Structures are given as C-alpha cells and as structure tokens.
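So the structure is just underneath, and the comments pick up after that.
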Amino acid sequence: MYYSKAFIPTLKEAPSDMDNISAKLMVRSGMIRKLGSGLFELLPLGLKTLENVMTVIKEEMRAIDGQEVKLPLLLPKELWIETGRWNVYGKELFRIKDRKNAEFALAPTHEEAITDLARSFIKSYKQLPIMLYQFGIKFRDEIRPRFGVMRAREFIMKDAYSFHATEADLEAYYKKVYAAYEKICQRCGFKYRVVEAASGAIGGNFSHEFMVLADTGEEEIAWCNCGYGANSEKAECLPEDKKSDEKALDMEEILTPNVGTIEDVSKFLNSSAQKFIKTIIYVADGEPVAALVRGDYEINEIKLQSLLGCSELELATPEIIAEVTGAKVGFAGPVNLKKKIKIYADYSVVNIVNGVIGANKDDTHIKNVNYDRDYKADVVADLRKVVHGDICPRCKKEKLQFSRGIEIGHVFKLGTKYSKSMKATYLDANGKEQLMVMGCYGIGVTRILAATIEQSYDENGIIWPTALAAYKVCIIPVDFKNEQIKQTAEKIYNELRALKIDVLLDDRDERAGIKFKDADLIGIPFRITIGEKNLKDGNVEFKNRRDDKSAAKIIKADEIVNLIVEKLKEGEI
Ligand code: ATP
Ligand code: MG
C-alpha cells in the first residue's frame, strides 16, 4: 500500500477519554475510533492487525481438529430459559424484542446456541468427539466499559466448544486446547502465565485463565515458583496452624457504644484485629446465612458463593440483619443469633483463642469467645481473600507472589452443565442414552490487540511483533521526487509484495522526520530508509523498530529483501 492512499488517520494527541496506554495508542495510530461508551470502530489498520491475530488462532484451532462455524448473534430467549441463564446472567445480558414481542438475547457467549446445534445432529458416540469454533461479535453490558477495546460492550471473541462421550476424553482434549492456547500466546509474543480461575457465569467446576503480564492489568494473580498460579479471586488459602497456648477465659459481655468499625472496637478493647471474628450476614438465593472471618481478613464472595452453590449472593439489608441478629448493623456474632441460620466459618476463625464478636445486641460485644466451646459453624472452609504473606497452597513452603495481568483467554471444563439442562444426549456403544460432556474455550481477539500493546510500546508508539503487524515493512524514501530514490523504493516495494509481505511505501510529500514518527507510532517492525547519500554507494538504511536509532544498519539495496525474508522466517519478534 502507498501511504498516500491508505486510510490511517493518526493523531498527535489521544482524546482524554482514552484511559490506558493501549487505548491511547490504538486511537492515535488510527487503528480504532470510539463511537460510544464501549463501542469501537475498527479502521483498516486495526482490522488488518486483527486478521493476523485471527490467522494465528485459526491455525492453532485447526491443528487440534477445530471446525469453524458462525452462529447468530440474536439468540431466542427460550434457549436461555432452558439453561436458567436468562435470569442468572443478570444485567450484563442485552435483551431485545422483535416486532412480535418475542424476546432475544444479544449473544454474550454461545453455550446455549452450540448445545442446541449439537443436540440436533449428534445422536451416536461415533460422532464424538467434535470441536466447533467461531470468530464473532459478543455483546456484554459491562458495568464499567473502559480501556478501549479491552473492556468493551461489543467485542470480538473466538469461542470454541467441544463435545465428548466421556469425562476422560474431555480431560485429554482440554490439555490439547490448553497447549494450543499456549502456542497462541507464544506466537503473539506474550509474556504470560496460565492460572486457575473461578468459572463465573459460564459455569463448570474447573477453568484456567491465560494472563498476559502487565502492571496495568485489571486482574491480580497469585503465583509461586513451584508452578502454582491462580487468579487471586480463586487462590486457595491453607488452614491456619495450631492454636496459641493462651488459656481460654470466660465469655464476657462489654458495652461498646459509639464504636462501630473493627478498628474502633479493637482500640477500645485494647486488642488486635486478629482477635476479632467478623460476622457478615449475606442473603443466598433468598436465605440469610452468616459468614465468619478473622478481623484482619476479608470474605471472598466468589469462594462463599461456590461453596453455597447459590446463583445470587448479596449482603443482607439492615432490615434483614435486624431480623437475624436482633441488633443494628455492626453487632452480629455467632453466639445467640436471634434467628437460627447456617454459619460458614473461614479456617482463620477456628483457632482464635479468646476472640471478640458482636453480641447480637446494640452497642455490645462479647470477648473471650472460643470455637467449639461457645459456638460452632455448619461448615469450616477456605472462604477468605488471599493476602500478601500467605504461603503457597501447593508447595506449602514459599510465600505467594503477586502480579497483575490481562485475561486474554479462558478455558473451562463444563462437564454436563449444559447438556443436562438442554438434554443433549447421545447413544453409547451399548445403545444407552448418555449426556454429552462439554468444554468451552474463549479468547478475546480484540483484547489481544490491546494486551500486546500494553506489553510492547515505547515513548514513540507501538512496537508490533512481526506475526501481528499489519505491515511488516515500511519503506521511507527521503525524497520521493528524486527519480533514483523513487525507482529503488518501488523496486524493493514490488519485490516484497511479490513475496506476499505486507509493506507500506511512504510516498507522501512530507519531511522524513514526520514519516519516521508515523512509522514508529504505527509500530511497523522493519524500516527501510532510502536517501540520496547512501544510495550513491548502492546502500539503504535498515532499522528494527525495537532497536534504538543508533542500531540502524547500512545494507546493500539489493540485499535488503533477502534480509527481511530471513528475519521474518526466523520469526523475529
Ligand atoms: P472478564 O473477567 O475480563 O470480564 P470474562 O471472564 O467475563 O472476562 P469470558 O466470558 O471468559 O470472560 O470470555 C472469554 C474472553 O473474552 C476473555 O478471556 C476476554 O479475553 C474476552 N472478553 C471478555 N469480556 C470482554 C470485554 N468486555 N471486552 C473485550 N474482551 C472481553
Ligand atoms: Mg466479564
């Protein structure tokens, strides 16, 4: 492409509503334009780069026998009623009506649609396993769209679904997808980690997230040198070690007027937050329950929700708290609750000797409370958020380390969650009806663009890895009116094009400095500069975008094409 013909509307400054580096650089380099909150247009440069990402993904999906399909974005409500997700999915689901008042979901994901497809054709174990995937738009009414295409309301995902006769077959295939995703990360040039994750609204009981490491990432991951890694919302906490030798004292009620927070009460009682047993009343699918955790820790609601197996978990309102405890907010405790409710205790509270709790009475606490003697929980489990200083739950030796990351992919073992509710069955070798076993695997294709930039930029702009770059080479004739320069530029351009290498020839009547700036901003990996002085000796200048200015090399003009072919073959990133 000649630059003068290309639609690459670069900007000197990013608009103020672009709230991270990648969003700023994508807008400034003319890849995308914002149309509304969480809505972006992909311009030619953006789309070309996206297509390169899709090529990488397609090749890896085909390598594991994935077959591409395209499912509608408008999904009938009835399918979502079958799985119960019409209600469970909540406000993130865009819902619309047609002229006959029939309701539809704008697809946020396609488990329902693909299971419907599978159940209508797959009847026998002989048709299994099968993996279908697609590239398509997903709609999610995100509570806070931000970071450009990273968290948009309309974005492109590669979603894949596999169907198996047995759990063991899914297990084996899941490993293949995991390996394919690792290859995709490597080919995109990512520094990444794979971590255990919570399954959220998609469901299933086992999932991994592929995290691109970046300080600007929205996710926090906990990991250990032993190989353990988990999203910090999922990271396990070990049961606490043995009790202290302190002697258990008798329970004692104390008046604590005008002291509400744990900090205040601890100060007032001259004890530490570690002595405090925090009691939080939740409502799980309409039922109030109590969750207990040590005063210096916090309840991890994702862990609590998965333990309870409920679809909705909310903090109780002051009215419900009063009903359950008999007191105002801030004085709940596991002893003498007014209403009998289930108590779920985190490991951290059972070893507290002489703990402090709310007395279920206004302005009153109880001290010297001990587990077993004074109260018992229905379940004791890992219910808290991981904190710095926690020991790795796998090797049980080293302290966990924490990093930030961008989730670009998520793979799930769904099991029979969808096949059960949608009755997707097949006949096994004995002619017996069985539920299909499913896996699903998503990659945020548009998010990959942003994640790559977050890991690969400098003060001048984006630095694309060669595999993804829309144009691999930029030819900059210092003066395109100079006949000799023009001829050399066009010769190299035509040779590269004949080899199917994407190349941009900057034929604009601009100063070389401006052309360099744009090439750097757009992030083109290889730059060939053709100037009068070098050309006298039959030379051109070659520079890799990753290197600084001083690394520019003088190369024979008739060797440059081979050099580039070599570099691309090596897969230089
Ligand atoms: P997140 O926790 O970031 O909201 P998710 O767990 O909801 O992600 P999945 O349902 O697993 O995401 O979707 C698969 C992939 O789609 C994610 O790994 C991510 O790369 C991408 N993705 C999800 N939501 C968005 C969004 N709002 N904008 C762009 N990409 C997204
Ligand atoms: Mg989400």
Where the second residue is away from ligand 1 (no atom under 15 Å from the Cβ) and open to solvent by 10 Å² or more (accessible area, probe 1.4 Å) and the first is free of Cβ contacts under 8 Å to residues at least 60 places away in the same chain and lies in the range 434-463, which pairs have Cβ atoms under 7 Å and are six or more apart or on separate chains? Leu435/Thr416; Leu435/Lys420; Leu435/Thr425
Meets criteria (under 23 Å from the mean Cα position of the chain (by Cα), open to solvent by 40 Å² or more (accessible area, probe 1.4 Å) and within 16 Å of ligand 1 (Cβ to nearest atom)) for Val149: no
Quick check on Gly84: is it small (Gly, Ala, Ser) and either under 30 Å from Gly217 (Cβ atoms) or in contact with a Leu (Cβ under 9 Å, 6 or more places away or on another chain) (or both)? no
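Each row is one residue, and each column tells you yes or no for (1) surrounded by fewer than 21 Cβ atoms within 10 Å (Cβ to Cβ); (2) under 41 Å from the mean Cα position of the chain (by Cα).
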| residue | (1), (2) |
| --- | --- |
| Asp479 | yes, no |
| Glu483 | yes, no |
| Lys486 | yes, no |
| Ile492 | no, no |
| Arg497 | yes, yes |
| Lys500 | yes, yes |
| Glu510 | yes, no |
Residues in the range 526-573 that are hydrophobic (A, V, I, L, M, F, W, C), open to solvent by 50 Å² or more (accessible area, probe 1.4 Å) and touching a helix residue (DSSP H, G or I) at 6+ places or on another chain (Cβ under 7 Å): how many? 1
All but one of (1) within 16 Å of ligand 2 (Cβ to nearest atom); (2) open to solvent by less than 50 Å² (accessible area, probe 1.4 Å) hold for Phe94, so report the exception by its number. (2)
Pick from the range 401-425 the residues that are more than 16 Å from ligand 1 (Cβ to nearest atom) and assigned to a helix (DSSP H, G or I): which of them is least open to solvent (accessible area, probe 1.4 Å)? Ser419
Out of all the residues in the range 212-233, which are part of a strand (DSSP E or B) and either within 14 Å of ligand 2 (Cβ to nearest atom) or surrounded by fewer than 19 Cβ atoms within 10 Å (Cβ to Cβ) (or both)? Leu213, Glu219, Glu220, Asn231
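For every residue, the table says whether it meets (1) in contact (Cβ under 8 Å) with a residue 24 or more places away in the chain; (2) aromatic (Phe, Trp, Tyr); (3) open to solvent by less than 20 Å² (accessible area, probe 1.4 Å).
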| site | (1), (2), (3) |
| --- | --- |
| Phe268 | no, yes, no |
| Gln274 | yes, no, no |
| Glu298 | yes, no, no |
| Pro334 | yes, no, yes |
Only one of (1) within 14 Å of ligand 1 (Cβ to nearest atom); (2) at pLDDT 95 or above; (3) surrounded by fewer than 21 Cβ atoms within 10 Å (Cβ to Cβ) does not apply to Val177, and that is (3)
Residues within the range 116-154 that are more than 16 Å from ligand 2 (Cβ to nearest atom) and among the aliphatic types (A, V, I, L, M), tallied: 7
Tell me yes or no: at least one residue of the range 98-115 is more than 26 Å from the chain's Cα centre (by Cα), β-branched (Val, Ile, Thr) and either part of a strand (DSSP E or B) or within 16 Å of ligand 2 (Cβ to nearest atom) (or both). no
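The values are calculated or read from the model by the stated rules, or taken from the named source; none is laboratory data. Computed from a predicted model, the values in this text were never measured in an experiment. No Cβ is skipped: glycine too gets one built from the backbone with ideal geometry, and neighbour counts run over all protein chains shown. Just the protein is used for accessible areas: all its heavy atoms, side chains included, with ligands, DNA and RNA removed. Shrake-Rupley method; radii C 1.70, N 1.55, O 1.52, S 1.80 Å.
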